[in-house]
1. Among residues belonging to the range B:255-281 that are in a loop (DSSP other than H, G, I, E, B), surrounded by 16 or more Cβ atoms within 10 Å (Cβ to Cβ) and within 11 Å of another protein chain (Cβ to nearest Cβ), point out the one that is farthest from the chain's Cα centre (by Cα).
2. Within the range A:246-268, take every residue that is facing chain B (nearest Cβ under 9 Å) and surrounded by fewer than 13 Cβ atoms within 10 Å (Cβ to Cβ) and give me the one that is modelled with the lowest pLDDT.
3. I'd like to check something: does the range B:63-74 contain any residue that is within 30 Å of B:ASP138 (Cα to Cα) and of a type outside the set (A, V, I, L, M)?
4. How many of the residues making up the range A:1-33 are acidic (Asp, Glu) and surrounded by fewer than 16 Cβ atoms within 10 Å (Cβ to Cβ)?
5. Tell me the residue from B:ALA234, B:ALA172 that is over 22 Å from B:GLY142 (Cα atoms) and without any contact (Cβ under 8 Å) to a residue 24 or more places away in the chain, please.
6. Given B:GLU164, B:GLU225, B:GLU187, B:GLU176, which one is assigned by TED's automatic domain parsing to the domain that holds B:GLY33 and at pLDDT 95 or above?
7. Just checking: which of the helices (runs of 4 or more DSSP H) contained wholly in the range A:87-184 hold 2 or more residues that are farther than 29 Å from A:GLY237 by Cβ and at pLDDT 85 or above?
8. Being buried (at least 22 other Cβ atoms within 10 Å of the Cβ), hydrophobic (A, V, I, L, M, F, W, C) and closer than 30 Å to A:LYS145 by Cβ narrows it down to one of A:ALA96, A:ALA36, A:ALA110, so name that one.
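The values are calculated or read from the model by the stated rules, or taken from the named source; none is laboratory data. Everything numeric in this text was worked out from a predicted model, so none of it was measured. Don't worry about glycine lacking a Cβ; one is built from the backbone with ideal geometry, like all the others, and counts go over all protein chains shown.
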Amino acid sequence: MTAAIEIENLNYRYPDAKRPALHDVSLTIAQGEWVAIIGHNGSGKSTLAKNINGLLAPESGRVTVAGMPLNEANVWKIREKVGIVFQNPDNQFVGATVQDDVAFGLENRAVPRPEMLTRVHDALVQVNMLEFATREPARLSGGQKQRVAIAGIIAQRPDIIILDEATSMLDPAGRSEVLALIEQLQARSAMTVVSITHDVDEAASADRVVLLNDGEIVEQGTPAALFTHGEELLSLGLDVPYPERLKAALRRRGAKMPDGYLDQEGLVKYLWTLHSTM
Amino acid sequence: MSFTYQAGTPFAGDGLKDVTTTIKDGSYTAIIGHTGSGKSTLLQHLNALLKPTAGTVTIGDRVITNETNNKNLKPIRREVGMVFQFAENQLFEQTVAKDIAFGPTNFGVPAEEAEKQAAAMVALVGLPPEVLEQSPFDLSGGQMRRVAIAGVLAMKPSVLVLDEPTAGLDPAGRAEMMTMFNRLHQEQGLTIVLVTHQMDDVADYADHVLVMDQGRLVKEGTPREIFQDADWLADHQLGLPKTAAMARRLTAQGFRFDPLPLTTAQLADQLLPQIGGPAHD
């Protein structure tokens, strides 16, 4: 598999900061892979994202995106490959209508009008927002706003989409809307997804979870492997998955619980087995 | 009471329809409902930021109607402290101490005393005293929000109204914030009104729940009464707290729970005898 993003020994320090925000980070993300980056506030997650598309320039180390080394000559080409969805849906709208907003990035790239119309249409179909094309973005719900923001990005046909806490300001319905959309995009168009998140469900959807702490990668693996940390997860910036919480509570009461990670269904089955053999 | 947005114009729209309820002194009340159900509109009536188009809102012994004059609302605003969503956006002063002192100074408290109070408020919201002389803009998002809340508490309100106070915080930050409000409720006897999408917080902290849908109050009761009926909640686009949802799945597999468990501990207590009790090896 080819690498979508290759990061080698990346170091980054904010101006006047005593400690580096990223310290010797190396990470390879394969094309079509979904990687969740987790860590508590201030652990360096967003700084890492901004180093991937050249919004920040590293102190040292190398970043390669879609085979191109990130440097001044390539940065604009790389930004065409990488779209970022930010946390606050209200901070990223420029168009007066949903379709104008989706077209904005294409206008900036001087995409010919007939092609622009098709791309805007297709993008709105993909995020299931076509019927809102002529509405004002301000009047949409949070989940709808983020879907429009995602449409603006997929209209530009990037290879990589970075979600920087893109679901953290949404209500539970909006959160599952956006999550379902990302799952679809990854499955259908083999998009590489990097999601920076505190949300357990979002992390659980990823192929791989990377844990950052104080600017360093301290652990990576499948969501299930990471979730076995149980109640420790809270200090790592994630909520504890509910089955782990219940297992811990039962264990404290003297019940025997399996060590490996169980999802809801797995735990219900396990408990049912105990119940039926009583 | 009812409230119509832009009443008397072609843009008039219903905000609240025929709402009748009482929020008891010293209670912890949660208001739930999906986006656009009227939660925030209701909230703004609690300190007369909005006045009802019809009906009355009584705050303490003050009755607010459509006719109420905007003068002399200060005592109400002092009594009912309002913490808006993303409260940190309203910080503006050079230091944390000055920002917290701003409200009381406006209400005539001498500057020196107000800054002294600021120190007490910073402790109350769980921040170290060093932050007092720092710029609020050098703090983390969660700390900034605490400073904004300290500014509201400095007015010595008896009611604290919270509009999604933990939105955008990480899970540890959320837990700390909710524990802090509960402490204020327990120790200072503050009445709390919380608007939230987090059903777990409703289950963990509230003693009374109001459910809003399309501008109407469609149900009220204890968290246990509200979360008893999962299908009804789903019809109103609301979910269950994680514990209640788990209990529901287990009930479908033949487990029995009475009463409905609302916290992980309650569920574990009721589960233990149904899975053979503690291990004996």
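1. Our first condition is that a residue be in a loop (DSSP other than H, G, I, E, B); within the range B:255-281, this holds for B:255-263, B:276-281.
Add one more test, that the residue is surrounded by 16 or more Cβ atoms within 10 Å (Cβ to Cβ), and what stays is B:255, B:257, B:260-263.
Filter once more, keeping what is within 11 Å of another protein chain (Cβ to nearest Cβ): B:255, B:261, B:263.
On the way: B:PHE255: 34, B:PRO261: 23, B:THR263: 19 Å.
Ranking the candidates gives B:PHE255 first.
2. Among those that are facing chain B (nearest Cβ under 9 Å) and surrounded by fewer than 13 Cβ atoms within 10 Å (Cβ to Cβ), it is A:GLU265.
3. Of the range B:63-74, the ones within 30 Å of B:ASP138 (Cα to Cα) are none.
No, there is no match, as no residue in the range B:63-74 is within 30 Å of B:ASP138 (Cα to Cα) and of a type outside the set (A, V, I, L, M).
4. Qualifying residue count for the region: 3.
5. Values: B:ALA172 fails: over 22 Å from B:GLY142 (Cα atoms).
Going through B:ALA234, B:ALA172 in turn, just one is over 22 Å from B:GLY142 (Cα atoms) and without any contact (Cβ under 8 Å) to a residue 24 or more places away in the chain: B:ALA234.
6. Details: B:GLU164 fails: at pLDDT 95 or above; B:GLU187 fails: at pLDDT 95 or above; B:GLU176 fails: at pLDDT 95 or above.
The conditions single out B:GLU225.
7. On the way: elements: A:98-108, A:113-126, A:142-154.
Ranges flagged: A:98-108, A:113-126.
8. Details: A:ALA96 fails: buried (at least 22 other Cβ atoms within 10 Å of the Cβ); A:ALA110 fails: buried (at least 22 other Cβ atoms within 10 Å of the Cβ).
Every option except A:ALA36 fails the conditions.
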